[in-house]
Amino acid sequence: MKDFPYFFEEIYSIYNKKEYIHTDPIYYPHTLEGNKEFIAFTSACFAYGNVKAIKSFLTSFFNHYGSDPLRVKKESAGLYYRFQKKADVEYYADFMNRIYSEHGSIENIFNQRDTLEEGIDFFYETMHGMCSDAGNGFFFLIPNPKTSGAKRLRMFLRWMIRKDDVDFGLWDSFDPSQLMMPIDTHILRFAKNNNIIKNETASRANLTIVSNFFRALNAADPAKYDFALTRLGIVNSCKYRDCDYCVKCIHKKGCIFA
C-alpha cells in the first residue's frame, strides 16, 4: 500500500516554502503592498493558463488599477486576458470597488453564513445579484461552486484560511478543516493516475471525491499538501505515475509513484 502521508509530509517540507512562490499566483499577495485580500482574490481569479501569461497579465493589472480596491482607477487600461475582453476586465475592477465599498471585505460576505460551504454559495449569489449585466467573460472568473470544482475560488480560500510559510491565514472565521482541495490540472492528474477518480474533469463530483481522499489523510487540514503536490508537477515535471522522467527525478528514492 502506498504511504501517502509520509511522502506528502516529505514533499511539504521541501516545497512549501517562499522560495517557490514565484511559480504560483500567490507571488502577488506575498510581494505587493496593499489590500492583501483584494490582491489575493484578483490573483486567484485570473490564475488560469500558463504561469508566464498569468504573471504578465497580473503585473499589468496591478500596475494600472493598483492594490487598493477602494481606489481602483476608472480609466480603462485596455487590458484583456484570454476569455476576458477589455470590458470584462474593466467590469471586474469596478465590481471589486463595489464589493469593498458595500461590504468592507470579501470575508464579511462569507461571514454572513455559518459554514464555509454556505459562505461560498452566499458569495456567489451576492455576486450574481450585483452583476446581472456582466458578460460571460466576467462570470468565467467565478464559476458556480455548486456545479463545478471552482478551483480558483477554492485556492483563494486556502490562501486566506490556512497559515504557514506560503498561505496567509488572514481569515479567522473559518477553520482549515472546512477547506476542500483545489482541483487544478496537477491535482486532477495525481488523482486520476492513482485511481482516486475516473477522469480529470474539474467537476463538483471530483472535487468532493478528491477532497474526501485528502480529508481521510488529514481531517484537520485537508488542503495542506496542495501547494507542495502541485510543485511536483510545475517544478519537477512529475506525472504522478511511473514514467520515463522518473529515472532522473530527485524524489526517486522513496517515491510512491515509481
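Would you say I142 is within 17 Å of the chain's Cα centre (by Cα) and either over 23 Å from L188 (Cβ atoms) or of a type in the set (D, E) (or both)? Against the criterion (within 17 Å of the chain's Cα centre (by Cα) and either over 23 Å from L188 (Cβ atoms) or of a type in the set (D, E) (or both)), I142 does not qualify. Could you check how many residues of the range 146-170 are of a type outside the set (S, T, Y) and farther than 17 Å from N111 by Cα? Selection size over the range 146-170: 12. Of all residues in the range 77-106, which are without any contact (Cβ under 8 Å) to a residue 24 or more places away in the chain and either among the hydrophobic types (A, V, I, L, M, F, W, C) or not in a helix (DSSP H, G or I) (or both)? Selection gives A77, G78, L79, Y80, G104.
Give the residue that is surrounded by the most Cβ atoms within 10 Å (Cβ to Cβ), with candidates limited to residues of the range 1-25 that are closer than 30 Å to V89 by Cα and touching a Lys or Arg at 6+ places or on another chain (Cβ under 9 Å). For the range 1-25, the residue satisfying everything is P25.
All of K192, K252 fail the test of being free of Cβ contacts under 8 Å to residues at least 24 places away in the same chain and under 15 Å from I11 (Cα atoms), apart from K252.
Anything in the range 70-84 that is in contact with a Lys or Arg (Cβ under 9 Å, 6 or more places away or on another chain) and exposed (fewer than 13 other Cβ atoms within 10 Å of the Cβ)? List them, or say none. Across the range 70-84, the qualifying residues are S76, G78.
Among the residues of the range 26-41, the ones that are crowded, with 20+ Cβ neighbours inside 10 Å and under 19 Å from R231 (Cβ atoms) come to 4 in all.
Restricted to the range 170-197, and to residues there that are assigned to a loop (DSSP other than H, G, I, E, B) and under 14 Å from the mean Cα position of the chain (by Cα), the residue that is farthest from A216 (Cα to Cα) is D184. Listed conditions (1) crowded, with 22+ Cβ neighbours inside 10 Å; (2) in contact with a helix residue (DSSP H, G or I) (Cβ under 8 Å, 6 or more places away or on another chain) are all met by F214, apart from (2). Of the residues that sit in the range 131-158 and are part of a loop (DSSP other than H, G, I, E, B) and without any contact (Cβ under 8 Å) to a residue 12 or more places away in the chain, which one is farthest from W171 (Cα to Cα)? The qualifying residue farthest from W171 (Cα to Cα) is D133. Considering A228, A220, the condition of being of a type in the set (A, V, I, L, M, F, W, C), surrounded by fewer than 16 Cβ atoms within 10 Å (Cβ to Cβ) and at pLDDT 95 or above is satisfied by A220 alone.
Screening G49 against (1) at pLDDT 95 or above; (2) surrounded by fewer than 19 Cβ atoms within 10 Å (Cβ to Cβ) leaves a single unmet condition, (1).
Of all residues in the range 153-162, none satisfies being more than 26 Å from K36 (Cβ to Cβ) and either modelled with pLDDT under 95 or touching a helix residue (DSSP H, G or I) at 6+ places or on another chain (Cβ under 7 Å) (or both).
Looking only at the range 206-252, which residues are closer than 17 Å to V166 by Cα, touching a Phe, Trp or Tyr at 6+ places or on another chain (Cβ under 8 Å) and not in a loop (DSSP other than H, G, I, E, B)? Across the range 206-252, the qualifying residues are F227, A228, L229, R231, L232. Annotation note: of A44, A87, the sole residue that is crowded, with 17+ Cβ neighbours inside 10 Å, hydrophobic (A, V, I, L, M, F, W, C) and at pLDDT 95 or above is A44. Where helices (runs of 4 or more DSSP H) fall entirely within the range 20-65, those with at least 2 residues that are under 12 Å from R152 (Cβ atoms) are at 36-45.
The values are calculated or read from the model by the stated rules, or taken from the named source; none is laboratory data. Remember, predicted model here, so these are calculated numbers, not experimental data. Cβ atoms come from the backbone with ideal geometry, glycine included; neighbour counts cover every protein chain shown.
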